[in-house]
Amino acid sequence: MTRHLTEDEVLAAIPGLTRTRLVAFIETEMVLPLRRVDGGAPGHLFRQVDFARVQLLCDLSDDLDLDEPALGVVLALLDQLHATRQDLLAVTRAVQVESPEVRARIGAAIIGSRG
Amino acid sequence: MTTDPYEALGLTKSATQDEIKKAYRKLVRTSHPDLHPDDAGAEARFKAIAAAHDLLKDPETRARFDAGEIDASGAERPQRQYYRDFAEDAGNPYQQRRGFEGRGDPADIFAEILRQRTQQGRDDFGGGGFAAPGPDFRYALEVPFLDAARGGEMRITLPDGASLAVRIPQGAHDGQTLRLRGKGGPGFGGGPSGDALISLSVRPHPVFRRDGNDILVTLPITIDEAVLGAKVTAPTITGPVNLTIPAGATSGRVLRLRGRGVARSGGKTAGDQLVELKIVAPPVIDDALRDFLTEWRKTHADDPRADLLNEALS
């Protein structure tokens, strides 16, 4: 069964993270946790991906002294980078199953477009 | 890995606290795994410099290290999963794109990638005639095992007090996300409402376990049923069925009930139920059984562990 972390568990696992800051991350939608709707105690539930993202946000704000606007910019760039990588990966996988001639032609076109 | 923390940060013992902080920040920029998703060595480097910084950032622990009271490994950090480990998962909630529209001509796909990119930019800076879809809302829902396997309907109460019926599809699996179109936040400037995204976690069942579309059950049988064979009743997710135990069955033997697993949508064949037999001794061993087995043992020497003991030595 998928294990989600509660707000308290996230706070306990990341030293230096305060509730105020976690709430700010959620309100600015830098992290998008789930909300319980199955009758348990109301509140947020964090998936592993949310938890890792909160850790990254803490690293960026503590270690690099990023304030909130700067954090937003870095995060937006990082999300774009990952989206681009995912697209590139999808294209690479599609090319991989093509015949050698097609792959050679695509390869030549890529080298050609680099100028 | 135990290296000298000063060396890890490219410093000497005479460094000031300020120099330590500066050196660390500089190295974080070049080594944080999430800032360098393609760099395989980044995690190891980041761990080393983070450990070094943890030790040296506090003048007190630094002094203890300098005095040789604690070693460079200090306290080992627990295994950490970085954001990049999830970033490229298919269901990453932080990827807002909804996949390629249409398919076929690769040129169209590239055009689509670029269109979505420019679209994002326009949403942010759009002046007049601004319209945007509403935000998606994300919810967590725990589903009883049988509702997930057989399909069902659940009523949920949203944080704003509204009640919503959610249809759980047949064969829903743990971690699956349901998208309820238009049940998210209202759109801006005439844009459509966002969606409600419901992430399912399937509650374990005391009797049934699931492996894909197959259902697994451990079924206790008596010694006489195992030896003589029997017709017994076995539970399935759609109710009890008759099951024939073949004579001479043994613990661990798996019987297959074809088509009694999770039905798949689209008329494809259903999964099976796999019944693992487990022989249990009678709750009370009476004299009759004891006497019979005592006699029986005298004339039936069999050692089922012989192969096991030989293999254990090889």
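The values are calculated or read from the model by the stated rules, or taken from the named source; none is laboratory data. What you see is a predicted model, and the numbers here were worked out from it, not measured in a lab. Virtual Cβ from ideal backbone geometry, glycine too; neighbours counted across all protein chains shown. These accessible areas exclude ligands, DNA and RNA; they are computed on the full protein's heavy atoms, side chains included. Shrake-Rupley method; radii C 1.70, N 1.55, O 1.52, S 1.80 Å.
Miscellaneous remarks
- Shielding of A:85-92 by partner chains, average beta-carbon count, 10 Å: 4
- The label point for B:Leu216 and the one for A:Val102, both projected 7 Å from the Cα toward the Cβ, are 4.0 nm apart.
- Accessible area per residue for chain A, computed on protein heavy atoms with a 1.4 Å probe, is 56 Å².
- Amide H partners (placed H, <5 Å) of B:Gly187, local residues excluded: B:Gly134, B:Ser193, B:Gly194
- Value of [θ]222 nm, deg cm²/dmol, for the protein assembly as shown, DSSP H segments ≥ 4, -39500 (n - 2.57) each, nearest 500: -12500 deg cm²/dmol
- Rounded FRET efficiency, nearest 0.05, which uses the C-beta distance separating A:Glu9 from B:Lys13 and R0 of 41 Å: 0.55
- Interface size A-B, as summed buried accessible area [1.4 Å probe, Å², nearest 100]: 3800 Å²
- Label point distance in nm, A:Val95-B:Asp66, each placed 7 Å from Cα along Cα→Cβ: 5.5 nm
- The residue list A:Gly112, A:Leu75, A:Thr18 was ranked by how far each Cα lies along the charge dipole of chain A toward its positive end, using unit charges on Cβ atoms, and A:Gly112 comes out on top.
- Take the Cβ atoms of B:Glu295 and B:Val227, set R0 to 25 Å, and the FRET efficiency comes out at 0.95.
- Contact residues in the stretch A:23-39 by the 30 Å² criterion (accessible area, 1.4 Å probe, full protein complex versus chain alone): A:Leu32, A:Leu34, A:Arg35, A:Val37, A:Asp38.
- Computed E for B:Val280/B:Arg155 - FRET, C-beta separation, R0 25 angstrom, nearest 0.05: 0.05
- Averaging 1/r across all pairs of distinct Cα atoms in the protein assembly as shown and inverting the result yields a Kirkwood radius of 27.6 Å.
- Computed from phi, the 3J(HN,Hα) profile of the stretch B:299-313 under the Karplus parametrisation 6.51, -1.76, 1.60 (θ = phi - 60°) reads 10, 10, 7, 9, 10, x, 9, 4, 4, 4, 5, 5, 5, 5, 8 Hz, with x in place of Gly and Pro.
- Shielding by other protein chains, B:139-146, mean Cβ within 10 Å: 5
- Shielding of A:52-59 by partner chains, average beta-carbon count, 10 Å: 5
- Average accessible area per residue (Å²) across the stretch B:132-204 - probe 1.4 Å, nucleic acids and ligands excluded: 47 Å²
- Tally of Lys pairs whose C-alpha atoms are under 21 Å apart, taken over the protein assembly as shown, 8 or more apart or cross-chain: 13
- Whole-Hz ³J(HN,Hα) from phi, Karplus 6.51 cos²θ - 1.76 cosθ + 1.60, for the stretch B:155-164, glycine and proline x: 9, 10, 10, 6, x, 7, x, 5, 10, 9
- Pairwise label distance in nanometres, B:Asp302 with B:His173, each label 7 Å out on the Cα-Cβ vector: 4.0 nm
- Taking the square roots of five times each eigenvalue of the Cα gyration tensor of the stretch B:132-204, the equivalent ellipsoid has semi-axes of 26, 11, 9 Å, listed largest first.
- For chain A, the longest principal axis of the alpha carbon atoms and the long axis of helix A:68-96 meet at an angle near 40°.
- Accessible surface of the protein assembly as shown [probe 1.4 Å, protein heavy atoms]: carbon and sulfur percent: 55 percent
- Under 5 Å from the amide H of A:Arg36 lie the amide H atoms of A:Gly43, A:Leu45, B:Ala140, each residue being 5 or more positions distant or on a separate chain, with H modelled from the backbone and absent for Pro and chain starts.
- Distant-in-sequence amide H partners of B:Arg260 (H built 1.01 Å from N, under 5 Å): B:Gln273
- Were the residues from B:Arg203 through B:Ala165 laid out at 0.36 nm apart, the gain over their Cα-Cα distance would be 11.8 nm.
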